[in-house]
Structure formats: C-alpha cells, structure tokens
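Worksheet: one structure, shown below.
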Amino acid sequence: MRGTRDLLPPETALWNRIEAVARSVFERYNFGEIRTPIFEDTALFARGVGEETDIVSKEMYTWEDRARAQSEKTQMLTLRPENTAGVVRAYIEHKLGESGQLQKLYYIGPQFRRERPQKGRYRQFSQIGAEVIGPPHAGSESPVRDAEVLEMLATLLDELGIGGWTLKINSVGSAQDRPKYIETLKAALAPVVGQMCGDCQRRAETNPLRVLDCKVAEDQPIIDGLPRIADSLDEASKAHFAAVCAALDASGVPYTHDHRLVRGLDYYTRTTFEFTHGGLGAQNALLGGGRYDGLSEAIGGPKAPGIGFAMGEDRLILTLQALEQAKAELAHAYIAPLGEGQNAAALKLARKLRRDGVRVELGDGSFRLKKSFEAADKVARAMVLLGEDEAQSGILTVKVFATGTQTKVAEAELVAFLTGLAG
Ligand code: AMP
C-alpha cells in the first residue's frame, strides 16, 4: 500500500538496536515509558494540533465509528498523526499533575499521516519521542528543562552513532507574543505575497507562520526580508530563550539560532528546535520539538507547561544505513607525501601496499598538510604521513580518523595495521 512498508530481517535488527539505545538513554535521564492508543477522538487533534495545520486539514486518517449499541455514541476517530496530544490527554485523564512532580514520559510507536510518499516520508512511520510535563510549581517552565532535553538528544544521537547532526533552535514566544507577531507578519506579507508561490499565498491566509518554512528558491529573498519573531517577543520570552542558550553553551552542545524555525504544529510556544542531518536529502529533519505551555488547557486540562520532541525512526535508520555505506566505501589509507620530494617514495609505498591488498589513495606532495588531512578524512580511514624522516627510518606516522590518534608504525607492520582498522 502506498506509503507503507514491510520491515524484514536483517533491517529489523537495526530497528531493535535503535530502540534499545533510546530506551537506555531515556532510562539514564529518568524517563518512563507511556503507551497510548493508536487511535483517538478526532477532536483531540483538531483542538490540540490545530485545525489549520497541514496535519489536521489534510493528512489525518479519520473515520466515523458507528455505535454498536444504544449505550454507545457514534464517534469520529483518527489514527494518531503524532503522539504529544495523546500523551497530554493521558496526563489529564490520569490526573498525573496531582502528584506535583514533573512527568517525564517517552514513547516509541507508529504514527499515520496521508502525506505524499517519498524517500524518508511515509504514511505509516515510527516516532521515538519524549515529553516533560507538569504543573508550573514542579519547574515545568524552567529553561533548564529545555536545555536538558536538547542535551539528552545530542547524547542519544551520538550514542546511536549518528555524527554530523545540526541543531537549530528558535523561540516562537508565548501565547501572547505569537498573535502579535502573526499580525506584524501579515502586514509585511500583504504587499509581497502576490509574488510568492501558491503555497505561500494560501498559508499567508490560513497559517502565516508556515510561510517561513517555504523552500521555494525564488521566495527566499522575500522571506529573509520579513520581520523576525525574535523582535516580537516580550521580556519574559526573551529571557527564557537566553537562559536556554546559556545552559546549552555551558553544556557544550553546539547549535545555531534559526529565526525561521517555527514548526508546523499550533501548540508550540517559546523554544522550538530541529535536528537535521545532511545524509537525508530533502527530508532532512531527523527530529523536531519544542515547548507547548498551553496545550493541556487547549484540550481541557489544567495548566501544565511542557516540552518534548518526536524523532523519525525511519529517518534514523536511513541515516545510519547511509553512514554505514559511506564507511564501507572508505579506502584503508591515504598516503600523504610531505613535500614534492616525497612523491616518488609515496608512489613506491602505495605500490607495495596495494600489492598486498590494501586499498590506498595516493596524495600529492604539493598539498599543504591541512589540505591533505581534509582530503584524507573524506576518503580513507587513516592517513600515512611520509616525510624525509619516515622515508629514511622506515617508521611511518599514521593518523587514524575514527579515534583521532596518531601512531608510529614500522613499514613491515603497516599492512596488518591498516587492514586491521575497523570501518
Ligand atoms: P513532526 O511531528 O512533524 O514534528 O515530525 C517529527 C519527526 O518525525 C520529523 O522530524 C521526521 O523525522 C519524522 N516524520 C514526520 N513525518 C514523517 C513521515 N511522513 N515519514 C517519516 N518520518 C516522518
């Protein structure tokens, strides 16, 4: 069926490994698992996610569930398109706020959206997500919570072996800041929207924030000139965002401030974030999330600010597979002659190694060392430095990229050393 897939061995082993790593990280941060139903009352998503969002307006699988007995009512039900609304519904239903403690909950499971299927985008996909939610006196609004969630995600991606991610963060302000900004944005869009793409013209009417998500190249200069939400934030929201950034700086998690990151769901307030990965192509978002301080009240619950994220498990798998593939294609070694005078010796060494079955890339003595390093890091697992000293002594300097270590290896040992390096 369009947008659905069967997962078969050996790939299912990778799914299980990812889930095991996620569970172990969540446990260390003291999260517990929640499992909510796969379908919910349609009204939950309409009120929680927002009527005008793409998800609710066109992507939900909704049906009328007819009453089977007099005592039952006919209901509109929907396959969950995301899990935050369900978690907050459960928080309200089970009065979890009454404990006075923060609730730290994670989930792993399928979600359903009628999107146009393509690589990395499916109609049934799996999300791994977590929420931190509770009454304000439990500290649920503290910027420390935001920073802690982001730091946990950085740890999770690193432990999964996904290097090279990028974290973008922004603040979309409080429930009071947003309408102010939306008015400013609408006013700024009015004279220019006619020159923008059809989607932007529609969004300018229905959900102007989403204009900032537009990827159409011709629209970019216009969007870059639009007012920024950062300028519409009140002092409290500004201070909150500054505190999140400061905590991230202190914890050493790298990030960039992306003024255009507003995300597609209505419930977000203040901090929003996204982790992306270059290996994913167009659908490059690995995960997204943010604060939803008003969500509980919007669906009939007590005040219960929270922050959470949802990570696309399918996209994690694609990223890991691409990284594995890239590793498998790496040469064993890149020989870097130090100076043009060593080119001949380097060719001789390359010939010897290649005859012994080593996959070798040969550099060029005219390159500066930094350039050789950069070239080698892309194509090989290790770099063999060949200068005058090395040529004379037969003891080579080998830099191993996976570990960042530099070792001296005798020429006679070189084949064994290089072929023994893990991918
Ligand atoms: P969202 O709930 O839209 O914020 O999405 C959170 C994450 O779920 C995204 O960053 C993706 O990694 C993943 N995701 C969302 N929609 C899909 C989809 N249709 N197929 C696969 N992954 C998805």
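In degrees between 0 and 90, to the nearest 10, how far off the longest principal axis of the chain does helix 343-355 point, with axes built from Cα atoms? Taking Cα atoms only, the helix is inclined about 80 degrees.
Phe417 sits among other residues whose Cβ lies under 13 Å from its own Cβ, and their net charge, with Lys and Arg +1 and Asp and Glu -1, is 0. With θ taken as phi - 60° and the Karplus curve 6.51 cos²θ - 1.76 cosθ + 1.60 applied, the whole-hertz 3J(HN,Hα) list for the range 159-173 is 5, 6, x, 9, x, x, 7, 10, 10, 10, 10, 7, 10, 9, x Hz, x standing for glycine and proline.
The charge dipole of the range 304-356, taken about the Cα centre with unit charges on the Cβ atoms of Lys, Arg (+1) and Asp, Glu (-1), comes to about 480 debye, rounded to the nearest 20.
Applying the criteria of a DSSP loop state and at most 13 other Cβ atoms within 10 Å to the trypsin sites (Lys or Arg not before Pro) of the range 95-124 yields Lys95, Lys119. Derived scalar couplings between HN and Hα for the range 75-83 equal 10, 8, 10, 9, 5, 4, x, 6, 10 Hz in order, rounded to whole Hz, by the Karplus curve 6.51 cos²θ - 1.76 cosθ + 1.60 (θ = phi - 60°), x for Gly and Pro. Using C-alpha pairs below 8 Å separated by at least 6 residues, the relative contact order for the chain is 15 percent. Shown here for the range 350-423: trypsin sites (Lys or Arg not before Pro) in loop regions (DSSP other than H, G, I, E, B) with at most 11 other Cβ atoms within 10 Å, namely Arg368. Across the range 6-11, rounded Karplus estimates of 3J(HN,Hα) from the backbone phi angles (6.51 cos²θ - 1.76 cosθ + 1.60, θ = phi - 60°) give 9, 9, 10, x, x, 5 Hz, Gly and Pro being marked x. As a length-normalised measure over Cα pairs under 8 Å and 6 or more apart, the relative contact order of the range 1-110 settles at 31 percent. Annotation: amide H-H contacts under 5 Å for Val192 (H modelled 1.01 Å from N, sequence separation of 5 or more, or interchain): none. Here's the picture: charge each Lys and Arg Cβ at +1 and each Asp and Glu Cβ at -1 in the chain, and of Val253, Ala326, Thr206 the one pushed furthest to the positive end of that dipole is Ala326. Loop-located GluC sites (Glu not before Pro) across the range 28-115 with a Cβ neighbour count of 11 or fewer within 10 Å are Glu72, with loop assigned by DSSP. Computed over the chain with a Gaussian network model linking Cα atoms closer than 10 Å, the most mobile of Gly100, Gly289, Gly394 is Gly394.
Coordinate-derived values only; no laboratory data. Note that the coordinates shown come from a computational prediction; the quantities given were computed from them, not determined experimentally. With ideal geometry, Cβ positions are generated from the backbone for all residues, glycine too; neighbour counts draw on all protein chains shown.
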